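This report concerns only the one structure given below.
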Amino acid sequence: PPEFLPRAEKDGPVGILHWDDVGTAPPQVQAALFRLLLEHQLDNYVMPNGWVQVASSNNVEDRALVKRLPSPIANRFLHVDQEVNLEDWTTYAVKAGFSGLVLAFIQVHQGLLFQFDPQTDTRAFPTPRTWEFVSRLVQAYDGDPPLELISGAVGKAAGAQFDAFLRLRHELPDLQAIMKGENIVPTRMDILYVTVCSLADMAHTQTHYDRLLRYSLAFPVKATEAAVLMVLLLRQRDQKKIISSPVWSEWAKNPRFRDVIIGTNGGGK
């Protein structure tokens, strides 16, 4: 039995064993899983009782070098189809420190988070994975990354739209005036989202956090998601400044945000 199989004395009494891309394994490798999946045993190896097995795979229809699972393997699993979810992706992207510009762009162009057609031969296309590539490009360059690199990650159409989105930074309102107390809220959603990201990057002091929380409360109802993104970005930078702000209680109790889980250690909502 392979050394990576969990053993209680080494790996603990409970855990999850993940068979990644199981559909790409050769048939003889898949066949080796028969007894391990059903009986949790392999030759003289016995899996600890507290461990469970999970497998993941692309679909055969995705043309991702996946082989159809043999019936005895498929019958040993409970099958769940996963799909891309904007809210889950946003939560992950904020925690992972994605570029605020990528986050803002996807909030405006939600349909571009995932565009995969297995019937085409396009080499680059938008997925959560390739938007992470774009985020790294944005963070790696002092200026805007070359369009060729962006398109090389998410395709020409999505790349051109993101490149145009980056140029909106030249149309932003007076950020310093906003920081000083003026509630200048752009009416164009794309410009508002870039404004949110730019202001979040400027936040350093407690006064900045107080001001931007107050500013987000001035957003119209149609811009509620932009206000939430502002708080998520600020929270990622410094959670303590969020929950210690005198404006935080007002923000959290606002009916517009009552269903929004921000997830502070203090149980804030």
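The values are calculated or read from the model by the stated rules, or taken from the named source; none is laboratory data. All values derive from a computational prediction rather than experimental measurement. Note: ideal-geometry Cβ built from the backbone for every residue, glycine included; neighbour counts use all protein chains shown. With ligands, DNA and RNA removed, areas are computed over all heavy atoms of the protein, side chains included. Shrake-Rupley method; radii C 1.70, N 1.55, O 1.52, S 1.80 Å.
Structure summary
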item: Placed amide H near VAL66: partners under 5 Å, 5+ positions off or other chain; result: none
item: Simple Cβ-charge dipole of region 83-239, Lys/Arg +1 and Asp/Glu -1, about Cα centre, in debye nearest 20; result: 280
item: Surface accessible to a 1.4 Å probe, per residue, for the residues of the chain, Å²; result: 57
item: Which of LEU86, SER249, THR122, positive extreme of dipole for the chain (C-beta unit charges); result: SER249
item: Length added when fully stretched, GLU3-ASN59, from 0.36 nm per residue minus Cα-Cα; result: 17.3 nm
item: The chain, helix-only ellipticity at 222 nm - DSSP H runs n ≥ 4, -39,500 (n - 2.57), divided by all residues, nearest 500; result: -13000 deg cm²/dmol
item: Two-site FRET efficiency, ARG188 against GLU39, from Cβ-Cβ distance with R₀ of 51 Å, rounded to 0.05; result: 0.25
item: For region 28-45 and region 68-92, distance of Cα centres in Å; result: 21
item: Reachable aspartates and glutamates from LYS253, criterion Cα separation under 19 angstrom, eight or more residues apart if same chain; result: ASP210, GLU225
item: VAL52-ALA31 FRET efficiency (beta carbon distance; Förster radius 22 Å; 0.05 resolution); result: 0.55
item: ASP259 paired with ALA160, simple spin-label distance in nm, labels 7 Å along Cα-to-beta-carbon; result: 3.7
item: Taking the chain and dividing mean pair separation by its residue count, relative contact order in percent (alpha carbons under 8 Å, at least six apart); result: 11
item: Nearest-20 debye value, the chain charge dipole, Cβ charges on Lys, Arg, Asp, Glu; result: 660
item: Antiparallel bridge percentage (DSSP; both residues within the chain; nearest 5); result: 25
